[in-house]
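What follows is a single structure, written as structure tokens, with notes after it.
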Amino acid sequence: MTDLVVNGRPLRFAMDPAAPLLWALRDAANLTGTKYGCGVGDCGACTVLVDGAALRSCLVSLADAEGREVVTIEGLSHDRSHPVQQALAAQGAIQCGFCTPGIALAAAALLARNPDPSPAEIGTAIPNLCRCGVYPRLIAAVQQAARVGRRAERVEGVPPPGIEPADAVRAVPALSQPRH
Amino acid sequence: MQLTRRRLIGGAAAGGGLLVAWQLLERDHLPPLAPTAAEAQFGAWLKIDRQGVVTVAVPQLEMGQGITTLLAQIAAQELGADWRQVAVEPAPVSAAFANLPLAARWTPLRAPLVPELADAPGDALLRRWARTHTFTATAEGTSLAAYEGPCREAAAAARAMLCMAAAAQWDVRWEECEVGDGFVTHEDRRAGFGALAEDAARLDAPDPPPLRTEPPTDPTLAGEPSAFPRLDAPAKVDGSWLFAGDVRLPGMVHAAIRHGPLDRAELGTFDRAAAAQVSGLVGVVAGKRWLAAVATDWWSAEQALTVMAPHFRSYDPVQSARMTEALDAALARGEAQRVASAGAEEGPAGRPTLTQRYDIAPAAHGSVETASCTARLAGGRLELWLATQAPEQARIAVARALDVPLRHTVLYPMPAGGSFDRRLEHEHAIEAALIAREVGRPVQLTWSRWQEQLRLRPRPPAAITIAAHLAADGSLAGFAARIATPPAALEFGERLLGNRTSWSAREAVADRADPLACEGLLPPYRAAHASVDHVPVTLPLPAGRLRGNAHGITCFAVESFTDELARAAGREPLSFRIALLGDDPRLALCLQRVGRFASWDGGAPGSRQGLACHRMQLGPASGRIALVATVEPGAGPVRVTRLAASVEIGRVINRDIALQQIEGGLLYGLGLALGSGLEYQDGVVRQARLRDLDLPRLADCPQIGIDLIESTGPPFDPGELPLAPVAPAIANALFAASGRRLRALPLLSAPA
């Protein structure tokens, strides 16, 4: 049994403590936003925050995570409101989306410790592999997220999930209240 | 568009509302009744519910290219919808979604003996084949060519029916109603779609539907956010976008798998007892050619495989050294078949001005998602959650392997985490279903990275010589290319469409010339004589599809050679090319524009710039690109600092998505130029992990500049085009910078 805090909730994992945190998150906690791409730290698709640091969860054992606070993409914000999430969408820095969660968390960790990173610092902090090739937009997205984080800019990248039909009707004239 | 061969049917959607199906069937094959919700699977459709939500079917695999958004945008613009009322649904496989342009392009892959019978999209034989085979594959940039027309027609029909419903209420002529921003309007009256949908569903759609005069284009102003932002982005930023490996079912267990050396190994001994020590183990399944372990989590399943240490018996294992010998021998002495030519039948006699050879190693896709499939077999019904570019072929293959009737086999289309044509293969789906049957529970099979590297079917290796004669006036008197490479497209066709094993596919196509495997080798330049000869080579390595396919191989040879030829003639590479492009002024324009856009410095010795250009064709649509690469010469790895391209791809429907594809294509080309190469020893790939592929990272990313040329031509998919000129542009830049000519891909992979 291994106890840790995941996305703010205390969880106890009945799993081999030698198992990588990645598989505890994916297969025990069903937090499937954390992706498997290589298992050896090459791709970064499994990046999560452990006590605020962006770590590749395939290289961290469940035992090593004991007592720590883990944040996955599902916990970065409850409504896609984290500046990195908004900026990634606003800059079109998302294609297939497989590497996106890991990149978002690596960028969030960078901005938490450096509110105004240079392109070189962003390049070093995000070693994640993206094969669709969003790199040219990634620097711009992280810099935009940094400006938003510093309250120097506002961004509207993506709407929150779970919009109520009544709210949608208020916002979009073309939609009407469903008749019952 | 063949409106007469298609018919639109309006009907009631489930729960009230409008459903528009479009049928590719001939009139006499139409179902006699308008489709109900249950029958919607027989037609492609668009539906509008009573709230006004417009749902567009997406019959193509979303793998990052943005097709989900593009089709929805096409429907929304034709309909006159507000983008915020538009939803999408992945469509189930259906004959109504037959991809005719791709079926036409792949004619040689399925009917080698009667190639002349069915080679045009409008051809009746072709339609019959595509429909009876439910051929809806996503490949070769055919999505817009296949679906823009049908999507517009369905939306136009829906628009007309909504107008008719409104006109009846208002007692006006429906033709005088207009639709925009999600409303039908007539003078000062207006009504939302939701209020009209139910009435509209009782009306007959006009045939042909009244299309808007302007085809869909991007209204976004420069510097403004996209008017049609990607619909998949929101779910992709919070982890809720599900891939096949993210499906969770009640009672589901996780499987890991090991295969033997390439290509034809059989499972030998393994220590089954050792697996018992692994906690969470559910079972062990031994296939003829693989061993799988099943556990309550994937990592435990993988541990069980490690401790069982399976051995495999291999036959004729793949060896890179022997493949190189085979290509050498074929290039030097093999029997060639002419696959393309232009101009005079015979080339000029005498010694060519220049002859050079180029070598291309097998290349890996490097998709980050590994092969994954979730399978459930219960009550005689087989369900598959799978990302596949060819869903019906995958469904048939799995149904046959398990001897389950096709009508009891359901495939839920899942998106792919990159593919780059990797998901045109589906052996993992068969494995997942077999494992699910053996353990009697829903199973999710995920290949380890090591298995993905081992079992991917790479872009095949090739060896190419090009010889050219330059006339005294600088014109091209002769251009003769000879390529030794497997008939890879035909081989793939035998696997996908013939459902053959990889080795039986190779046997079936041995010694057959394959024009698709040599595509792009005939240069765009005007030559008195030009020819392409293919020496088909049979290798023990299965050849697969990979983004760009032959263009990524042939453009490297042609454009490296063109650079060498220009230098041999003492000419500046850009004007040398333009002078030869009398037959293709649009490509000449791309070159002129990129010269200005990239501040081309002439590429003389000491320059750090290199140039390459390419064109591709799909039916009436064509795409062109000219690219300048800038390198930072040095002792270490090659560093590319800038890629600047002028690109012409016809009418652009969604500018931001087009730019994403071009940027991504350039970077994918960078990965193929500097890495992605595979070497094999005793049937085992040496590049066991992603790091070994030397793929570009954010810190390596060159500055990218794209000059998208305005055009009104038919839309050409920009997904593959940009990658072709990257490798030769870099090779040419390296030559300019260092005087060292690299003629092997990946660059620096062979001693100079």
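Threshold 10 Å², probe 1.4 Å: give the residues of the range B:362-379, in number order, that are less accessible with all protein chains present than with their chain alone.
B:G366, B:V368, B:E369, B:T370
Send over a whole-number figure in Å² for the accessible area per residue of the protein assembly as shown, probe 1.4 Å.
Accessible area per residue: 36 Å².
Express in nm, to one decimal, how much length is gained between B:R202 and B:A227 on full extension, taking 0.36 nm for each residue of separation and deducting their alpha carbon distance.
5.7 nm
Students often forget the sequence filter, so: which lysines lie under 28 Å Cα-Cα from A:K35 once same-chain residues fewer than 8 apart are removed?
B:K236
Which of the three applies to chain B, rounded, prolate or oblate, going by the alpha-carbon gyration tensor with a ≥ b ≥ c and a/c under 1.5 meaning rounded?
Oblate, since a/c reaches 1.5 and b/c is not below a/b.
How many square angstrom of accessible surface are buried between A and B, both sides summed, with a 1.4 Å probe and rounding to 100?
Between A and B, the summed buried area is about 5200 Å².
Modelled label-to-label distance, B:D473 and B:D181, 7 Å Cα→beta-carbon offset: nm?
6.2 nm
What percent do you get for the relative contact order of chain B when only Cα pairs under 8 Å and 6+ apart count?
Result for chain B is 12 percent.
Which residues of the range A:125-147 show a drop of at least 30 Å² in accessible area when all protein chains are present, compared with their chain alone (probe radius 1.4 Å, heavy atoms only, ligands and nucleic acids excluded)?
A:L129, A:R131, A:C132, A:G133, A:Y135, A:P136, A:R137
In sequence order, what are the phi-derived ³J(HN,Hα) couplings for the range B:716-731 according to the Karplus relation 6.51 cos²θ - 1.76 cosθ + 1.60 with θ = phi - 60°, rounded to whole Hz, with x for glycine and proline?
Each residue's phi maps through the Karplus curve to give 10, 5, x, x, 9, 3, x, 6, 4, x, 5, 4, x, 4, 5, 4 Hz.
So if R0 is 30 Å, what FRET efficiency would B:R596 and A:A140 give, r being the distance between their Cβ atoms, rounded to the nearest 0.05?
0.75
Shape call for the range B:593-752 from the C-alpha gyration tensor, a ≥ b ≥ c root eigenvalues: rounded (a/c under 1.5), prolate (a/b greater than b/c) or oblate?
Verdict is oblate for the range B:593-752.
Could you pull out every residue, at least 5 positions away or on a different chain, whose amide H is within less than 5 Å of the one on B:L521? Hs are placed 1.01 Å off N in the peptide plane, and Pro or chain starts have none.
Result for B:L521 returns nothing.
Where Lys and Arg each count +1 and Asp and Glu each count -1, what net charge lies around B:H428 among other residues with Cβ under 12 Å from its Cβ?
So the environment of B:H428 carries a net charge of -2.
Using a Förster radius of 25 Å, what is the FRET efficiency between B:Q617 and B:A344 based on their Cβ-Cβ separation? Nearest 0.05, please.
0.65
Using the C-alpha gyration tensor of the protein assembly as shown, what are the square roots of 5 times its eigenvalues, in whole angstrom, with the largest one first?
After diagonalising the Cα gyration tensor, the semi-axes are 40, 36, 30 Å.
May I ask you to compute the full-extension gain from B:A688 to B:L249, defined as 0.36 nm times their residue separation minus their alpha-carbon distance, rounded to one decimal in nm?
154.9 nm
Determine by what factor the alpha-carbon radius of gyration of chain A differs from 2.2 N^0.38 Å, reporting the quotient.
It is 1.12.
Please state the shape class of the range B:656-713: rounded when a/c is under 1.5, otherwise prolate if a/b exceeds b/c and oblate if not, all from the C-alpha gyration tensor.
The shape class here is prolate.
Alpha carbon centre of the range B:303-331 versus the range A:37-110: separation in Å?
Here the two parts' Cα centres lie 37 Å apart.
Can you work out the Karplus-derived ³J(HN,Hα) for every residue in the range B:398-406? Use 6.51 cos²θ - 1.76 cosθ + 1.60 with θ = phi - 60°, whole Hz, and x for glycine or proline.
Computed from phi, the couplings for the range B:398-406 are 6, 4, 5, 4, 9, 6, 9, x, 4 Hz.
Length gain on complete extension for the stretch B:A604 to B:A276, per 0.36 nm per residue less the alpha carbon to alpha carbon distance?
111.3 nm
Got the relative contact order for the range A:2-76 handy, in percent, Cα pairs under 8 Å and 6 or more residues apart?
Over the range A:2-76, the number comes to 40 percent.
Can you work out ³J(HN,Hα) from phi for every residue in the range B:74-81, in order, using Karplus 6.51 cos²θ - 1.76 cosθ + 1.60 and θ = phi - 60°, giving whole Hz and x for Gly and Pro?
These are the phi-based 3J(HN,Hα) values: 4, 5, 5, 5, 5, 6, x, 8 Hz.
For the residue pair B:R741 and B:D188, what label-to-label distance in nm results when each label sits 7 Å from Cα along the Cα-to-beta-carbon direction?
7.9 nm
The values are calculated or read from the model by the stated rules, or taken from the named source; none is laboratory data. Everything numeric in this text was worked out from a predicted model, so none of it was measured. Methodologically, a virtual Cβ is constructed for each residue, glycine included, from the backbone with ideal geometry; neighbour enumeration extends over all protein chains shown. Just the protein is used for accessible areas: all its heavy atoms, side chains included, with ligands, DNA and RNA removed. Shrake-Rupley method; radii C 1.70, N 1.55, O 1.52, S 1.80 Å.
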